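First up is the structure itself, then whatever we jot down about it.
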Amino acid sequence: MSSNRKVLGLIFSNMHEETLSDMTKERTMGSVLFGGRYRLIDFPLSNMVNSGIGEVGVITKSNYQSLLDHLGSGREWDLARKIGGLHLLPPFSHVQSGMYRGRLEALYGVWDFIKMSDADYVVMSDCDIVANIDFDKVVEAHVETGADITAVYAKDVVSTEQAQQATVYSINDDGRIVDVLISPQISGACNISMNMFVLSKEFLKNIVLESASRSLYSFEKSILQARTHEYTIMAYQYNGYFSKISSMETFYKANMSLLNTDNRAKLFPENRPIYTKVRDNPPAKFAIGANVKNSLIGDGCIIEGTVENCVLFRGVKIGKGAVVKNAILMQDTVIGNKCDINYVITDKNVKISDMRLLTGSQNYPLFLGKGAVI
């Protein structure tokens, strides 16, 4: 972090869970598996670490056991420190807090933690955006413009359905946000919020404590939208590769986009790696007669059949004579012999018996929940 500015990172692990309700029944949004080896929280957490942020709080709400298991002490992100480091912040942190309804109530619930930090600025991020962003540059822009809030956005062409799961900004020629549309009925080229914000700690204190006294809970509605003209809210444009996870369809497409080598190079540059929990799995094993094309294969996989245009996580097994195409198979999924699988997403520990035929479509992939047996 340049100029010795002290910055605190805050990650909201449970926001937007309703967009992937089938996958977040037993886990947080941040715990959702992605790209063959990662969790969604790995991206904002790695971005903060790569930007020199040495103290990060992860705000949880419910179903966070798998998140605790994944993050551990934060060692993989170099956050297992005596000073600063990684802090897991469950709900009910103090007597007056409860199960929060929105970002403002979540911040109020963990305010004692924020208050104890010696940071000058706070970077906030959700887990629904897959991107590799330098927060140091965002903080620098925030300081230079003298903004009250700096909001990160990206230009994208979206459908009406995608826009309904997003916040859209109207930005003037000076880069100031002049209007905020939440879940609008629009389509086409839009300035899509990436749900990443920078504020000074003092300004954050003022809005959080005032909102608590007024029983306000939505940061987007009560602050960004209602006080657009009262506060100086500046926009910071992110021009790199990103995916917004707002539905099962966009989750599927975001994973499939990683089969493109250019996209992988943009998301995983050598100088800004994405860290994750490391497991001591053996290398993937390809049996005689196995046929694999254009796929990401995780450690510990055993392939005896045909795999094409797929993302396979750790420990997946593909039986003899099985044909698996356009699929996302999560950890320890087992596909039986002579199965025909197309446009399917499986959660962890799914078992599909021999000679089964399962087919979805590109826009509506078939999803099998955790531990399902077919």
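The values are calculated or read from the model by the stated rules, or taken from the named source; none is laboratory data. It should be emphasised that the depicted structure is a prediction, and the values quoted were computed from it without experimental measurement. Reconstructed Cβ throughout: ideal geometry from the backbone, glycine too, with neighbour counts over all protein chains shown. The area values use the complete protein model at the heavy-atom level, side chains included, leaving out ligands, DNA and RNA. Shrake-Rupley method; radii C 1.70, N 1.55, O 1.52, S 1.80 Å.
So the values come out like this:
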{"read-out": "Where a residue in the stretch 206-228 is open to solvent by 20 Å² or more (accessible area, probe 1.4 Å) and its partner, wherever it lies, is part of a helix (DSSP H, G or I), with Cβ under 6 Å and at least six apart", "value": "Ala212/Tyr108; Leu216/Leu104; Leu216/Ser222; Tyr217/Leu104; Tyr217/Glu105"}
{"read-out": "Selected residue (only one of Ile352, Ile302 is among the aliphatic types (A, V, I, L, M) and open to solvent by 10 Å² or more (accessible area, probe 1.4 Å))", "value": "Ile302"}
{"read-out": "Meets criteria (without any contact (Cβ under 8 Å) to a residue 40 or more places away in the chain and either in a helix (DSSP H, G or I) or open to solvent by less than 30 Å² (accessible area, probe 1.4 Å) (or both)) for Arg279", "value": "no"}
{"read-out": "Residues that are part of a loop (DSSP other than H, G, I, E, B) and open to solvent by 10 Å² or more (accessible area, probe 1.4 Å), drawn from the stretch 305-335", "value": "Asn309, Arg314, Gly315, Lys320, Gly321, Asn326, Gln331, Asp332"}
{"read-out": "Of the criteria (1) out of contact with any Phe, Trp or Tyr (no Cβ under 8 Å at 6 or more places or on another chain); (2) surrounded by 17 or more Cβ atoms within 10 Å (Cβ to Cβ); (3) not in a strand (DSSP E or B); (4) not hydroxyl-bearing (Ser, Thr, Tyr), which one Val168 fails", "value": "(3)"}
{"read-out": "Boolean, Ser117 is in contact with a strand residue (DSSP E or B) (Cβ under 6 Å, 6 or more places away or on another chain), at negative phi, crowded, with 16+ Cβ neighbours inside 10 Å and at pLDDT below 95", "value": "yes"}
{"read-out": "Per-region count, the stretch 218-262, residues out of contact with any helix residue (DSSP H, G or I) (no Cβ under 7 Å at 6 or more places or on another chain), among the aliphatic types (A, V, I, L, M) and assigned to a strand (DSSP E or B)", "value": "1"}
{"read-out": "Checking Asp112 against (1) touching a Leu at 6+ places or on another chain (Cβ under 8 Å); (2) in a helix (DSSP H, G or I), the condition it does not meet", "value": "(1)"}
{"read-out": "Single condition Arg103 does not satisfy, out of (1) of a type in the set (Lys, Arg); (2) open to solvent by 20 Å² or more (accessible area, probe 1.4 Å); (3) closer than 23 Å to Ser183 by Cα", "value": "(2)"}
{"read-out": "Among (1) in contact with an Asp or Glu (Cβ under 7 Å, 6 or more places away or on another chain); (2) closer than 17 Å to Arg37 by Cβ; (3) in a helix (DSSP H, G or I) - the single one Phe203 does not satisfy", "value": "(2)"}
